[in-house]
Amino acid sequence: MKHGQQRLRAGAAQSLSDRVTTWLFLLPALAVVVVAVVIPLGNSFILSFQRVRINVPDFEPVFLGLENYRRMFSDPLFIRSVQNTMLFAFVTVFFELVLGVMFAMMLSGDGRGARIMRSIMLVPMIMAPVAAGTMWRMMLDKNTGIVNYLFTLVGLPAVDWLGNPVLAMVSIMMVDIWRMTPWFSILLISGIKSIPGDTIEAALVDGANRLQCFWRVVLPQMARVLCLVLMLRLIDAFKVFDIVFVMTGGGPGMATEMLPNYIYSQGLRYFDAGYAAALALVFIAAMSVLSGVFMAVRRRIAQD
């Protein structure tokens, strides 16, 4: 009995020592999170209830209560930027998912050709968004771009890709799909390779064709990976900024103005820090809700 109690005390002491050691190792990371995330969020929360003009020396903040939040829901520019962002995010992620699955199925083999193509596919993804946006802006220029030059070679008229409101949005979407489809493909290839080969072989032996094998064997076993990849990519698509800023600057007019660009304009172009903080907090809250929905769906998939 005495030895048993001693062992319990020793185990409790060891457990406490392990917890202390774990927290000591986590402290540097927690300090970074507090300095880089918690403090700025707290400051933004306070700013969102004030009128603050950061371009006016010695400007005294004025408490407005919920005025900044009421203002955004009657702001037509804010509503337009939300509509543009949702359109961009859902359309691009849909096409990236479809194309990503197709390329993943075609390039999941271990042959030399598949390995070479996987390496080539990484090129758009590893390019900096600013570099990719600048390259495509030059290529799509109405007067000097190579795309319109190729059109004229075959007798087609030059197209104002970035000056037409509809075509400007389509152009930004195409560039994003070009950049991020390989990201989908690489992650989905990893998911496909994790599926046991004998499962697919058993389905083929039982008479399933390749399409049935994909829908009934491959896709269900990739559901958790697909849910995670969709969540990460959709949230990232809502945060689009670099490509839009470089290619169109949100124009022509408000045709390609995304919510992150609008927040940037309010805070660093018009210096309305309070309104920009309110916009940013609403954006963060919306992304948190979206993440929660995806996590709930992923837990349901895991239970099923």
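The values are calculated or read from the model by the stated rules, or taken from the named source; none is laboratory data. This structure is a prediction, so every number in the text was calculated from the model and none was measured. Using ideal geometry, Cβ is built from the backbone for each residue, glycine included, and neighbour counts are taken over all protein chains shown. These accessible areas exclude ligands, DNA and RNA; they are computed on the full protein's heavy atoms, side chains included. Shrake-Rupley method; radii C 1.70, N 1.55, O 1.52, S 1.80 Å.
Is it the case, given these coordinates, that S190 is touching a residue at least 12 places away in the same chain (Cβ under 8 Å) and surrounded by 15 or more Cβ atoms within 10 Å (Cβ to Cβ)?
Judged against the criteria, S190 is not a match.
Please indicate, with yes or no, whether at least one residue in the stretch 249-265 is open to solvent by 20 Å² or more (accessible area, probe 1.4 Å) and among the polar types (S, T, N, Q). No; the residues of the stretch 249-265 include none that is open to solvent by 20 Å² or more (accessible area, probe 1.4 Å) and among the polar types (S, T, N, Q).
Would it be correct to say that T199 is assigned to a helix (DSSP H, G or I) and surrounded by fewer than 20 Cβ atoms within 10 Å (Cβ to Cβ)?
For T199, the condition - assigned to a helix (DSSP H, G or I) and surrounded by fewer than 20 Cβ atoms within 10 Å (Cβ to Cβ) - is met.
In the stretch 148-176, which residue that is farther than 23 Å from N84 by Cβ and assigned to a helix (DSSP H, G or I) is most open to solvent (accessible area, probe 1.4 Å)? Among those residues, the one meeting the criterion is Y149. Does the stretch 261-277 include one or more residues that are in a helix (DSSP H, G or I), under 14 Å from I79 (Cα atoms) and in contact (Cβ under 8 Å) with a residue 60 or more places away in the chain? Yes, there is a match, as at least one residue in the stretch 261-277 is in a helix (DSSP H, G or I), under 14 Å from I79 (Cα atoms) and in contact (Cβ under 8 Å) with a residue 60 or more places away in the chain.
Evaluate the following for G253: is it of a type outside the set (S, T, Y) and in a loop (DSSP other than H, G, I, E, B)? Yes, satisfied. Of all the criteria given as (1) open to solvent by 90 Å² or more (accessible area, probe 1.4 Å); (2) touching a residue at least 12 places away in the same chain (Cβ under 8 Å); (3) out of contact with any Phe, Trp or Tyr (no Cβ under 8 Å at 6 or more places or on another chain); (4) hydrophobic (A, V, I, L, M, F, W, C), the one not satisfied by L107 is (1). Taking the criterion of being touching a helix residue (DSSP H, G or I) at 6+ places or on another chain (Cβ under 7 Å) and loosely packed, with under 14 Cβ neighbours inside 10 Å, would at least one residue in the stretch 45-52 satisfy it? Scanning the stretch 45-52 turns up at least one residue that is touching a helix residue (DSSP H, G or I) at 6+ places or on another chain (Cβ under 7 Å) and loosely packed, with under 14 Cβ neighbours inside 10 Å.
Counting the residues of the stretch 203-227 that are open to solvent by 50 Å² or more (accessible area, probe 1.4 Å) and at pLDDT below 75 gives 8.
Scanning the stretch 228-242 for residues that are over 20 Å from A280 (Cβ atoms) and open to solvent by less than 10 Å² (accessible area, probe 1.4 Å) gives V229, R233.
Each row is one residue, and each column tells you yes or no for (1) at pLDDT 85 or above; (2) open to solvent by less than 70 Å² (accessible area, probe 1.4 Å); (3) assigned to a helix (DSSP H, G or I); (4) more than 27 Å from G267 (Cα to Cα).
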| position | (1), (2), (3), (4) |
| --- | --- |
| P40 | yes, yes, yes, no |
| P57 | no, no, no, no |
| S74 | yes, no, no, no |
| R80 | yes, no, yes, no |
| L87 | yes, no, yes, no |
| F90 | yes, no, yes, no |
| V101 | yes, yes, yes, yes |
| A132 | yes, yes, yes, no |
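Touching a Leu at 6+ places or on another chain (Cβ under 6 Å), assigned to a helix (DSSP H, G or I) and β-branched (V, I, T): is that true of I284 in this structure? Criteria not met by I284.
With respect to the stated conditions, I189 is in a helix (DSSP H, G or I) and either at negative phi or under 18 Å from the mean Cα position of the chain (by Cα) (or both). Among the residues of this structure, I146 does not count as one that is within 18 Å of the chain's Cα centre (by Cα) and over 19 Å from Q221 (Cα atoms).
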